[in-house]
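Novice: The structure that follows is given in the form of C-alpha cells.
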Amino acid sequence: MTDTPGWASPGSAPSPDGREPGASGPAEPADRPGPAEPAAQPGPDTQAPGAKWSNEQPPPGQWSAPTGAPSPGQAPPPPPPPGTGWGGGPGGGRYGGPPGGYGPPGGYGAPGGYGAAWGGGWGGPPPAAKPGVIPLRPLGVGEILDGAVSTMRTHWRTVLGISLTVAVVTQLGLILLQGLLLNDSATADALSDPSASGSEILRALGTLMAGTFVVAVISVIGSIVATALLTTVTSRAVLGRPVTTGEAWRDARSQVPKLFGLLILLGLISAGVMFGGALPGIIVLALGGNEGAGIALLVLGMLAALVVAIWLTVRFSLASPALMLERQGIVKSMSRSAKLVRGSWWRVLGIQMLAGLIANIVSSLVVIPFALIAGATAGGGMATFFTTGAQNAGWTFLIISGIGSVIGAMITLPITAGVTVLLYIDQRIRREALDIELARAAGVRGDGPATPAPGPVPGS
C-alpha cells in the first residue's frame, strides 16, 4: 500500500484504528453477544471494547460476517449474476470484470468512471475553454490568424461597419486631395521639365511634399480610429460578448487622444533614428569632402538606421493594444510592449509580417481590378493611363480606384488590427497567465460552458 495521495482510492478514508482502507482485519468482535444472551457489562477486571468498536452494535439477525455459513433460520444469499462480483463468473474476466479486464465497468478510465473527467482514461488534461474566438491558452500562428478572421465573421455588422466608415471617410479625403492638389499638371510639368528654374522646382517639390504629408495624416487618423474601435471589438470577441459600434466608441474614446500621441511619438522616434543614421553622410557631403565617401557613408548610415527603426517598431508594436486595454499612459504602454516582446522579438515580427502579407494580397486582389477598370474608362483608355500615369487620369480614375481602395481597406483593417490585439493577448497569456483572468471574466467555471459574466474586460 502506498501513501502517495495520487494513488488513494477516491472517497476512501482511514479506518478508526488507523488501518489502511481495504486492509484485512477481524470480521467481528470476539465478545459480541449472541442472539439469546445479554451483553456482558465490563467489570473492573474486564477490558473495555476500546475505541475500535462502538458500544451500540446493530440489532441481532440483521447482519452477518462477510464470510462463513449463514446463521440458523436465515436464508442463504442469492448467487451473484454472471459476470459480476469478485470471482471469475461465467462470461467475466479476472476480478469479475469484462473478459480479460481487471475491474468492473465504470472504473478508472471507463465511460462514466473516475477517468471520464480527464477525457476518458489518463489521456491528459481537458481541452482549454473557448468562450469566444480563441481558446484560453497560448496560441499558435494559425489560431491567431483564425481568431482575427473569426472576429470579423462573428461580429461582422460591427466590424465591417467600423472599417467601412473609416475607409470611406479616409478615401474621400484622399480623393479630394489628389484631385485638387496632387493632380496639378503644373506641378508635374515643373518636375519633368529639364529647363525649369530652381524656384519653380522648389515650389513644385513643396506642393508635392505638403500634399503627401496631408495624405499621410489622413491615413494615420483613419488607422488610429479604426485600431481603437477594432481593439475593443476584438477584446470583447475573446470573451464571447457582443458589442455594438456605439459601445465600442464609448469604451475607446477616452484613450483615442493618447493613441494619437503614441503614434506621433513612435513616428518621431523612427524619423529621428533615420535622420541620425543619415547625418554623418550629410555632414561629409556638406563640408565638401570626398563625394564618393560621403555617399557611401550616407547609404550605410541609412541602412543601419533602418535596421534600428525596424527593431524599435517591433519592440513597441504591442503598445497600442496595451494602451487601449490596460488604460495606460503613452510611456507606460511602450514599456509594457517592450516587456511583452522581450524574448519573442522574432516571433512577433514573423506573425506581423505574415498578417501584413495576407492583408496586402487580399487588398491587391480587390484593388487591382478596380484600378484596371478605372484606367480603361479614364480619358484615353488604358494606353493613356500607362503612358501618362494616374497624375492626369482625372476624377473618373480617382473615384473608381477609390471605391476599390475602400473595399480593400474594409476587409484588411479588421485583420491587421485583430492580429495585433490577439498577439498582445497571447503574449500576456504566456507571460502573465492572463487566461485565468479571461476565463473568470467570461464566466467559465470548471469544465462547464462559458456563461456571460458582468464586469470590465481584464486588463482594462
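Novice: Can you tell me how many residues within the stretch 171-194 are modelled with pLDDT of 80 or more and in contact with a Ser or Thr (Cβ under 6 Å, 6 or more places away or on another chain)?
Specialist: Count: 1.
Novice: Oh, and also: Which number in (1) more than 21 Å from Val217 (Cα to Cα); (2) in contact (Cβ under 8 Å) with a residue 24 or more places away in the chain; (3) of a type in the set (D, E, K, R) marks the one condition that Arg250 misses?
Specialist: Going through (1) more than 21 Å from Val217 (Cα to Cα); (2) in contact (Cβ under 8 Å) with a residue 24 or more places away in the chain; (3) of a type in the set (D, E, K, R) one by one, Arg250 breaks only (2).
Novice: Among the residues of the stretch 270-288, are any surrounded by 13 or more Cβ atoms within 10 Å (Cβ to Cβ), under 28 Å from the mean Cα position of the chain (by Cα) and closer than 30 Å to Gly329 by Cβ?
Specialist: No: zero hits.
Novice: All but one of (1) surrounded by fewer than 13 Cβ atoms within 10 Å (Cβ to Cβ); (2) under 28 Å from Ile310 (Cβ atoms); (3) at pLDDT 85 or above hold for Ser254, so report the exception by its number.
Specialist: Checking Ser254 against (1) surrounded by fewer than 13 Cβ atoms within 10 Å (Cβ to Cβ); (2) under 28 Å from Ile310 (Cβ atoms); (3) at pLDDT 85 or above, the one that fails is (2).
Novice: What are the pairs, 6+ residues apart or on separate chains, where a residue within the stretch 265-289 that is in contact (Cβ under 8 Å) with a residue 12 or more places away in the chain has its Cβ under 7 Å from a residue that is in a helix (DSSP H, G or I) and of a type in the set (S, T, N, Q)?
Specialist: Ser270/Thr313
Novice: Among the numbered criteria (1) more than 18 Å from the chain's Cα centre (by Cα); (2) under 29 Å from Ser163 (Cα atoms); (3) not basic (Lys, Arg), which one does Leu297 miss?
Specialist: (2)
Novice: A further question follows. Does Val444 satisfy being modelled with pLDDT of 65 or more and not in a helix (DSSP H, G or I)?
Specialist: Working: modelled with pLDDT of 65 or more: yes; not in a helix (DSSP H, G or I): yes.
It is true that Val444 is modelled with pLDDT of 65 or more and not in a helix (DSSP H, G or I).
Novice: Report, by residue number, each residue of the stretch 230-245 that is part of a helix (DSSP H, G or I) and either under 25 Å from Thr313 (Cβ atoms) or modelled with pLDDT of 90 or more (or both). Quick ask: steps written out before the conclusion?
Specialist: Filtering the stretch 230-245 for residues part of a helix (DSSP H, G or I) gives 230-238, 245.
Residues satisfying the conditions are Leu230, Thr231, Thr232, Val233, Thr234, Ser235, Arg236, Ala237, Val238.
Novice: In the stretch 210-226, what residues are of a type in the set (Ser, Thr, Tyr) and under 16 Å from Leu176 (Cα atoms)?
Specialist: Thr212, Ser219, listed by residue number.
Novice: Out of all the residues in the stretch 357-378, is one or more of a type in the set (A, V, I, L, M), at pLDDT 90 or above and touching a Leu at 6+ places or on another chain (Cβ under 8 Å)?
Specialist: Within the stretch 357-378, one or more residues are of a type in the set (A, V, I, L, M), at pLDDT 90 or above and touching a Leu at 6+ places or on another chain (Cβ under 8 Å).
Novice: Restricting to the stretch 301-341, and then to whatever is of a type in the set (Lys, Arg) and in a helix (DSSP H, G or I), can you tell me which residue is surrounded by the most Cβ atoms within 10 Å (Cβ to Cβ)?
Specialist: Top of the filtered list is Arg336.
The values are calculated or read from the model by the stated rules, or taken from the named source; none is laboratory data. Since this is a predicted model, take the numbers as computed values, not measurements. Glycine gets a Cβ as well: all are built from the backbone with ideal geometry, and neighbour counts include every protein chain shown.
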